[in-house]
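Input: a single structure, listed below in structure tokens.
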Amino acid sequence: MRSSIGIGTFAEKIAMRIDILTVVPELLESPFNYSILKRAKDKGLAEIFIHNIRDWSTDKHKKVDDYAFSKGAGMVMSIEPIDLAISELKSQREYDEVIFLTPDARQFVQNDANQLSLRKNLILLCGHYKGVDQRVRDNLVTMELSIGDYVLTGGELAAAIVADAIVRLIPGVLSDETSALTDSFQDGLLTPPVYTRPAEYKGWRVPDILLSGNDQLIDDWKHDQAYERTKRIRPDLLGKK
Ligand code: 6GU
């Protein structure tokens, strides 16, 4: 919601809230206590809460998984603690999405990050073991995401990646707001190469054009470089637009 107060009009700072449900909360502590995510928290732009699903286990051994009904399928995350956790969170506020991180889902892309950065409250549910009881996916989850075609031991690192990609897009999180707009993928191209001083190091020179001071030529060069890089490394991206 926007509000205007006094003479100037400004966007009210309303933090995004992300609740992460996991059986290994320790895995998620460091990603959110450093770098951009830390800054977002310190500036009050994002709140990230990490919850241990075990806290909602009603079992005396705090069990959160059980044998699959199909033999040899391994351990499966049980529905009850997950349902209790999500219900408790939902009783406190409305959530825009309950996202399940799992390798058997469609791949998370920049456009998902763009869309999700506009939401207010998100739950990220991290998969573990041989997956989660399908009834969780059918009845409690609203979106499923994978981060790529490889298998991780759990969804925690994937959740950290998805949260990072989303939170850095919240206005005010990056010091130079335009820098998110010039990311790779936002215009369908990889970013062009960048250089800093010295202009020559061990005989390796910065391209002359960057030292020319001609902004138009430099912009054209950057676009050509971005296009060439994309064609060489990720030709699949060029077919999409
Ligand atoms: Cl979201 N989870 C796991 N366990 N492995 C993955 C993944 C997610 N995305 C790619 N591999």
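Consider the range 109-135 and keep the residues that are within 12 Å of the ligand (Cβ to nearest atom) and in contact (Cβ under 8 Å) with a residue 60 or more places away in the chain. The one that is surrounded by the fewest Cβ atoms within 10 Å (Cβ to Cβ) is LYS130. In the range 13-108, counting only helices (runs of 4 or more DSSP H) that sit wholly within it, the ones holding 3 or more residues that are within 19 Å of the chain's Cα centre (by Cα) and more than 16 Å from the ligand (Cβ to nearest atom) span 26-32, 35-42.
Can you name the residue in the range 197-241 that is within 15 Å of PHE185 (Cα to Cα) and among the aliphatic types (A, V, I, L, M) and is also surrounded by the most Cβ atoms within 10 Å (Cβ to Cβ) among such residues? Only one residue tops the list, namely ALA226. Evaluating VAL23 against the criteria (1) at pLDDT 95 or above; (2) among the β-branched types (Val, Ile, Thr); (3) open to solvent by 80 Å² or more (accessible area, probe 1.4 Å) leaves one unmet condition, (3). Counting only residues that are closer than 24 Å to ARG119 by Cβ and near the ligand (Cβ under 8 Å from one of its atoms), which one in the range 136-151 is surrounded by the fewest Cβ atoms within 10 Å (Cβ to Cβ)? The selected residue is GLY148. Candidates are the residues of the range 161-173 that are touching a helix residue (DSSP H, G or I) at 6+ places or on another chain (Cβ under 6 Å) and open to solvent by less than 10 Å² (accessible area, probe 1.4 Å); the one that is farthest from the ligand (Cβ to nearest atom) is VAL173.
The values are calculated or read from the model by the stated rules, or taken from the named source; none is laboratory data. Not measured: the values here are computed from a predicted model. Ideal geometry is used to build each Cβ from the backbone, glycine not excepted, and the neighbour counts take in all protein chains shown. Note: accessible area is taken over every heavy atom of the protein model, side chains too, but ligands, DNA and RNA are not part of it. Shrake-Rupley method; radii C 1.70, N 1.55, O 1.52, S 1.80 Å.
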